[in-house]
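The values are calculated or read from the model by the stated rules, or taken from the named source; none is laboratory data. Just so it is clear, the model here is predicted, and its values are computed rather than measured. Cβ sites come from the backbone with ideal geometry, for glycine too, and all protein chains shown count toward neighbours. Only protein heavy atoms, including side chains, enter the accessible area calculation; ligands, DNA and RNA are left aside. Shrake-Rupley method; radii C 1.70, N 1.55, O 1.52, S 1.80 Å.
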Amino acid sequence: MMNVILLGAAGFIGTNLAMSLAKNKDINLTLVDAEKKYFPDIITANYSDIKIKESPFQMDTDFEQLLEKQDVVYHLVSTTVPTTSNQYITQELTANVVVTTKMLDACVKTGVKKVVFISSGGTVYGKESDCPLNEETPTYPISSYGVQKITIEKLLYLYHYLYDLDYRVIRLANPYGPFQRPNGILGAVTTFTYKALQHDKITVYGDGSVVRDFIYIEDAVRAIMNIVDGDSVHRTFNVGCGYGTSIKSLLNIIKETLHIDLEVEYVHGRKVDVPVNYLDISRYEKEYGKLNPISLESGILKTADFMKSVYFGK
Ligand SMILES: NC(=O)c1ccc[n+]([C@@H]2O[C@H](COP(=O)([O-])OP(=O)(O)OC[C@H]3O[C@@H](n4cnc5c(N)ncnc54)[C@H](O)[C@@H]3O)[C@@H](O)[C@H]2O)c1
């Protein structure tokens, strides 16, 4: 049996990962988040084999106790999101980078074998280089969130060098789908789909020319699990669909797919938004085969179906 623990597990990616990992009967799964009530009902009600623990990710956390006997640690905590991170740079680095070093010290002490870190393909590269961006592209983040992510990546390299702690870094693009909170802060596909279904006004920052690499969460989870289980010489992988879609085309696709007329308001662009971002995923595909992500149309339909059944009870 392998002991696997997810930190920040009640969120969007944690919930989807947990449901996939739970299918593997050779894994003892422990999920951790700040409060039990953050976990969706599907996890607390349907998975009796999964252990759930409440623990904040902060300086006074007893990580040694939390990580005792664990083999693999998924680090899914971020206390901030890209768009607001530049307002609280000190806090960003203290709450994420410094606390992560404490967690990594505990990994070394307790004999954890592998740390999996969800970094950000959307922010670590910044806007200096042309897309598609590969893992060797220089990193110049324009948000402190991106600085946080790249710094934690460097710490993982250092802990591997110093203590032989194995790790995998997933530079994830823009995942969307079931269990992403449609609160309008993060995730254009999820937010716009939710608003479309509710016939709410959609706010777009800038003129809609911003380009992103959207990936359906199940495709992302499959890629993450292949990377974690694999024994490639590479430890850092981009994960996205590998092509760009502008916000304007996304809105069109939502409108056509759901047959709903959208009310869209365009407001001033944000300095924190990289104008164009999409990833070169050839390293992943060379090691693990074609990713074959589903189309945005199919992903939007699946996301809308989930929302109808979970939020709107249809
Ligand atoms: N969603 C994306 O678009 C995206 C893209 C690339 C990378 N990521 C990264 O993937 C990871 C997971 O993202 P997500 O979309 O699932 O986010 P999420 O906000 O849905 O989930 C994160 C979870 O972490 C928990 N958390 C936050 N601060 C905490 C703290 N101090 N102590 C304990 N728990 C805390 C939250 O309660 C939440 O349940 C994050 O590191 C994020 O930066 C996300």
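When region 284-307 is examined, which residues are found to be outside any helix (DSSP H, G or I) and either small (Gly, Ala, Ser) or on the phi < 0 side of the Ramachandran plot (or both)?
Our first condition is that a residue be outside any helix (DSSP H, G or I); within region 284-307, this holds for 289-295.
Across region 284-307, the qualifying residues are Gly289, Lys290, Leu291, Pro293, Ile294, Ser295.
So that you can scan it fast, the table gives a plain yes or no per residue for (1) within 9 Å of the ligand (Cβ to nearest atom); (2) open to solvent by less than 30 Å² (accessible area, probe 1.4 Å); (3) not β-branched (Val, Ile, Thr); (4) not in a loop (DSSP other than H, G, I, E, B):
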{"position": "Leu6", "(1), (2), (3), (4)": "no, yes, yes, yes"}
{"position": "Asn16", "(1), (2), (3), (4)": "yes, yes, yes, yes"}
{"position": "Val32", "(1), (2), (3), (4)": "yes, yes, no, yes"}
{"position": "Ile52", "(1), (2), (3), (4)": "no, no, no, yes"}
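Inside region 34-50, can you point out the residues that are of a type in the set (Phe, Trp, Tyr), open to solvent by 30 Å² or more (accessible area, probe 1.4 Å) and within 14 Å of the ligand (Cβ to nearest atom)? Steps first, answer last, please.
Of region 34-50, the ones of a type in the set (Phe, Trp, Tyr) are 38-39, 47.
In the following step, the residues that additionally are open to solvent by 30 Å² or more (accessible area, probe 1.4 Å) were identified as 38, 47.
Answer for region 34-50, where residues must be of a type in the set (Phe, Trp, Tyr), open to solvent by 30 Å² or more (accessible area, probe 1.4 Å) and within 14 Å of the ligand (Cβ to nearest atom): just Tyr38.
Please go through (1) of a type outside the set (Ser, Thr, Tyr); (2) closer than 19 Å to Leu6 by Cα; (3) crowded, with 16+ Cβ neighbours inside 10 Å for Asp229 and return the number of the only condition it doesn't satisfy.
(3)
If I filter region 78-115 down to residues being aliphatic (A, V, I, L, M) and outside any helix (DSSP H, G or I), which single residue comes out as farthest from the chain's Cα centre (by Cα)?
Initial filter on region 78-115 (aliphatic (A, V, I, L, M)): 81, 89, 93, 95, 97-99, 103-104, 106, 108, 112, 115.
Restricting the remaining residues to those that are outside any helix (DSSP H, G or I) gives 81, 112, 115.
Working: Val81: 11, Val112: 22, Val115: 15 Å.
Here the residue is Val112.
Can you find, within region 116-150, the residue that is farthest from Thr79 (Cα to Cα) among those that are part of a loop (DSSP other than H, G, I, E, B), away from the ligand (no atom under 12 Å from the Cβ) and in contact with a Leu (Cβ under 7 Å, 6 or more places away or on another chain)?
Applying the first criterion (part of a loop (DSSP other than H, G, I, E, B)) to region 116-150 yields 121-125, 127-132, 134-139, 141-143.
Next, only the ones that are away from the ligand (no atom under 12 Å from the Cβ) stay: 125, 127-132, 134-139, 141-142.
Add one more test, that the residue is in contact with a Leu (Cβ under 7 Å, 6 or more places away or on another chain), and what stays is 125, 132.
Details: Tyr125: 20, Pro132: 28 Å.
The extreme case among them is Pro132.
Only residues that are within 12 Å of the ligand (Cβ to nearest atom), part of a loop (DSSP other than H, G, I, E, B) and out of contact with any helix residue (DSSP H, G or I) (no Cβ under 6 Å at 6 or more places or on another chain): list them for region 60-77, please.
Residues satisfying the conditions are Asp60, Thr61, Val77.
I'd like the residue in region 151-183 that is under 28 Å from Lys113 (Cβ atoms) and charged (D, E, K, R) and, out of all such residues, is farthest from the ligand (Cβ to nearest atom).
By that ranking, first place goes to Asp164.
Among the numbered criteria (1) β-branched (Val, Ile, Thr); (2) at pLDDT 95 or above; (3) surrounded by fewer than 20 Cβ atoms within 10 Å (Cβ to Cβ), which single criterion is violated by Thr84?
Among (1) β-branched (Val, Ile, Thr); (2) at pLDDT 95 or above; (3) surrounded by fewer than 20 Cβ atoms within 10 Å (Cβ to Cβ), Thr84 violates only (2).
Out of all the residues in region 269-283, which are under 19 Å from the mean Cα position of the chain (by Cα) and assigned to a loop (DSSP other than H, G, I, E, B)?
Within region 269-283, Val272, Asp273, Val274, Asn277, Tyr278, Asp280, Ile281 qualify.
Return a yes/no flag: does region 255-266 have any residue that is open to solvent by 30 Å² or more (accessible area, probe 1.4 Å) and in a helix (DSSP H, G or I).
At the first step, the residues of region 255-266 found to be open to solvent by 30 Å² or more (accessible area, probe 1.4 Å) are 255-256, 259, 261-266.
Those still in the list that are in a helix (DSSP H, G or I) too: 255-256.
Yes, region 255-266 contains a residue that is open to solvent by 30 Å² or more (accessible area, probe 1.4 Å) and in a helix (DSSP H, G or I).
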